[in-house]
Amino acid sequence: MAWLFMSPAAILLLVFLIVPFLMAFGLAFTDQRLIPNPNLSTQFVGFRNFVRMFQNETFRRGLLNNFIFTAVVVPVQTGLALLLAILVNQKIRLSNVFRATYFSPVVVTMTVVAVVWFFLYNPGEGTINAFIQAISFGRLGPYDWLNDPKLAFPAIMVLSIWQGVGFQMVIYLAGLQEIPLEIYEASSIDGANKIQQFFYVTLPMLRNTTIFVVIATTILAFKLFVQVDIMTRGGPQDATMTTMLHVINEGFRNLRVGYAAAVTVVFFLIVLGVSLLQRFFLEEERTV
Amino acid sequence: MTAQTSTATVHSAGYLLRRAVRGVLNYGLLSLLGFFFLFPILFMLVSSLKTNEGQILRDVTSLKALLPYGSLGLQNYFDVFGRMPFHRFMLNSVFIVGAIVALGLLVNSTAAYALARLNWKGRGVLLGVVIALIIIPFEAVAVPLLLMVNRFGWVESYHVQIIPFIADAFSIFLFYQFFIGLPKDLEEAALVDGAGRFRIYWNIIVPLSRPVFATVAILQFLTHWNDYMWPLMVTRAETYRPLMIAMQQFFGQYPRLWGDIMAFASMITVPVLIVFLLFQKWFVQSVATSGIKGG
């Protein structure tokens, strides 16, 4: 009886998740192509894909970019999300209007976000340049955002934060609302001011929420794909190359499935490491 | 309480001034941030209504890009339909996402019911497997899955975009967490009355679990409405192409007519924005629930 309930999901997960997942580990050690050549059979090649990967300039640049993206976007986006959550958690008029406003980019699909921001970054004279020139009284810019190897990746970071921060804000908001008001009352009786309350009450009480937000954002940073595929195709000069874009370019566009599977394995090991880190930190909390 | 109100009436001018300044700063900051999050959406909508392509290109170089003026109209929208079967892509996307969500709700909730409520051998192991699977991102299986569906001859179809995404470990986990918290008495009473497990699931569990069904539906909708990488790999012709890939290809056509592109983007965005504003509470609650992932 139980199997009747369980089997549709179990079979689907087995065929479309577990099997391909295990296949990735097998394919990584072969020279499998997407469309097999009838004259050349697929061969076991040992660690050749992994050796080639780390010799590949483009892969190394992509992986490095994922780490840079994480190092910049995770702290900025997490900090901004917390600030937004605190702002819209105030008991003031219009706070739900502001909350909806900050969340609205989350429901705009990334494909649209990429296209709209591409136009805003219009080479030389886009709206973003007009803003920057207005704020700096004409001293800064105009910049060639997406064609300048130094600026292209930061430009992509900005729109990624713009689109994603509302999601984290809502998670922080839920965390804030779970903090009992009595703790704030008690601390203000003890003479704590707002800033002390933030550092000694709010932040410690949001510890698990912060761990979740940081880990989830890190994993998303390693999946970075749609924006760069649409806006820059990884260019200029691989300045916006990412691991996932490299996987798709090699595995799908160049048909090198074996090699792409090897990159996928490295990608998964990173995601796994990050997730285990989360488990580790949360475990520590429980024993306290 | 009375003490507070009485002091409130005799506040010094300095206090009132400070409070007013703080209020202005607070709303100023909130509005500035609001502008930051709205201006690209506003820019998209305004540009889509400007029928003179030359004006759009001139306006984008200044803040006039955000002002609706000049010749306005729906011509860009008509042009999109003239250049591409937009309605076809919209129907494809709605059908694909609708099928994933609907079939997913059924398959994932029944599995969770078996895990949470039925006694059977292997249940503990399977629960562990499902939770472990949450960690595997789709990106880690995309390439072998592509090889697999190629062998199946599934490329260029609706089902290649639906079937692999019906079962979802995180959805099962969310259902499981909800079901495990439901009181058992109703179910036991029904069992005594001789009701079968399917009837109990359908007539008792499902009606009690509307919030978690809504949460899973919204999270799955947000995920798969945005699908881009997979359909890019498995659709080539227009017949089965979803909106996001059509958008990308429309964007890639030269000469690039920005008025048309913005109309295309608006037609993707506005319906979802309206649904979001109507069911805002549900959206926010669903996203907040996703925060328990792996926690």
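The values are calculated or read from the model by the stated rules, or taken from the named source; none is laboratory data. The shown structure was predicted, so the numbers you read here are calculated from the model rather than taken from an experiment. Backbone-built Cβ (ideal geometry, glycine too); neighbour counts: all protein chains shown. Please note that ligands, DNA and RNA were not included when accessible areas were found on the heavy atoms of the full protein model with its side chains. Shrake-Rupley method; radii C 1.70, N 1.55, O 1.52, S 1.80 Å.
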Among the numbered criteria (1) open to solvent by 20 Å² or more (accessible area, probe 1.4 Å); (2) not in a loop (DSSP other than H, G, I, E, B), which one does B:Met262 miss? (1)
Across the stretch A:226-252, which residue is farthest from A:Val116 (Cα to Cα) among those that are open to solvent by 10 Å² or more (accessible area, probe 1.4 Å) and within 14 Å of the chain's Cα centre (by Cα)? A:Val226
Using beta carbons and a limit of 8 Å, which pairs, at least six apart or on different chains, have the first residue in the stretch B:18-34 and without any contact (Cβ under 8 Å) to a residue 24 or more places away in the chain and within 11 Å of chain A (Cβ to nearest Cβ) and the second one open to solvent by less than 100 Å² (accessible area, probe 1.4 Å) and among the aromatic types (Phe, Trp, Tyr)? B:Leu30/A:Phe98; B:Leu33/A:Phe98; B:Leu33/A:Tyr102; B:Gly34/A:Phe98; B:Gly34/A:Tyr102
For the stretch B:233-256, give me the residue count where each residue is more than 17 Å from B:His87 (Cα to Cα) and either open to solvent by 20 Å² or more (accessible area, probe 1.4 Å) or at pLDDT 95 or above (or both). 6
B:Gly54 fails exactly one of the following numbered conditions: (1) exposed (fewer than 15 other Cβ atoms within 10 Å of the Cβ); (2) closer than 21 Å to A:Val115 by Cβ; (3) facing chain A (nearest Cβ under 9 Å). What is the number of that condition? (3)
Since A:Lys223 meets every condition but one in (1) crowded, with 21+ Cβ neighbours inside 10 Å; (2) facing chain B (nearest Cβ under 8 Å); (3) charged (D, E, K, R), which condition does it not meet? (1)
Which of the numbered conditions does A:Leu277 fail, given that it passes all the others? Conditions: (1) over 19 Å from the mean Cα position of the chain (by Cα); (2) in a helix (DSSP H, G or I); (3) not small (Gly, Ala, Ser). (1)
Determine which single condition A:Ala2 fails, assuming it passes every other condition in (1) more than 30 Å from A:Ile156 (Cα to Cα); (2) within 8 Å of chain B (Cβ to nearest Cβ); (3) touching a Leu at 6+ places or on another chain (Cβ under 8 Å); (4) open to solvent by 20 Å² or more (accessible area, probe 1.4 Å). (4)
Restricting to the stretch B:115-158, name every residue that is of a type in the set (D, E, K, R) and farther than 17 Å from B:Gln177 by Cβ. B:Lys121, B:Glu139, B:Arg151, B:Glu156
Where A:Phe44 falls short, out of the listed (1) over 26 Å from the mean Cα position of the chain (by Cα); (2) at pLDDT 95 or above: (2)
Verdict on A:Leu224 being of a type outside the set (D, E, K, R), closer than 23 Å to A:Pro20 by Cα, part of a loop (DSSP other than H, G, I, E, B) and in contact (Cβ under 8 Å) with a residue 60 or more places away in the chain: yes
Note: among A:Gly175, A:Gly166, just one is modelled with pLDDT of 90 or more and within 19 Å of A:Val73 (Cβ to Cβ), namely A:Gly166
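For (1) touching a Lys or Arg at 6+ places or on another chain (Cβ under 6 Å); (2) within 13 Å of chain A (Cβ to nearest Cβ); (3) over 27 Å from B:Arg236 (Cα atoms), each residue gets a yes or a no:
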| position | (1), (2), (3) |
| --- | --- |
| B:Val101 | no, no, no |
| B:Ala114 | no, yes, yes |
| B:Pro137 | no, yes, no |
| B:Gln161 | no, yes, no |
| B:Gly181 | no, no, yes |
| B:Gly194 | no, no, yes |
| B:Trp202 | no, yes, yes |
Hey, among B:Leu67, B:Leu72, B:Leu91, B:Leu126, which residue is open to solvent by 20 Å² or more (accessible area, probe 1.4 Å) and under 28 Å from B:Asn226 (Cβ atoms)? B:Leu91
Restricting attention to the stretch A:22-42, which residues are among the hydrophobic types (A, V, I, L, M, F, W, C) and more than 10 Å from chain B (Cβ to nearest Cβ)? A:Phe29, A:Leu40
Note on B:Leu42: of the conditions (1) in a helix (DSSP H, G or I); (2) in contact (Cβ under 8 Å) with a residue 12 or more places away in the chain; (3) more than 11 Å from every other protein chain (Cβ to nearest Cβ), unmet is (3)
So which residues in the stretch A:16-60 are in a loop (DSSP other than H, G, I, E, B) and of a type in the set (Gly, Ala, Ser)? A:Ala28, A:Ser41, A:Gly46
Tell me, which residue of the stretch A:138-187 that is within 14 Å of chain B (Cβ to nearest Cβ), of a type in the set (Phe, Trp, Tyr) and part of a helix (DSSP H, G or I) is most open to solvent (accessible area, probe 1.4 Å)? A:Phe167
With the condition kept exactly as written, say whether any residue in the stretch A:108-129 is at pLDDT 90 or above, more than 13 Å from chain B (Cβ to nearest Cβ) and in a loop (DSSP other than H, G, I, E, B). no
Of the residues in the stretch B:16-40, those that are hydrophobic (A, V, I, L, M, F, W, C) and either open to solvent by less than 30 Å² (accessible area, probe 1.4 Å) or in contact with a strand residue (DSSP E or B) (Cβ under 6 Å, 6 or more places away or on another chain) (or both) number 4
Among B:Phe86, B:Phe78, which is the only one that is more than 10 Å from chain A (Cβ to nearest Cβ) and free of Cβ contacts under 8 Å to residues at least 40 places away in the same chain? B:Phe78
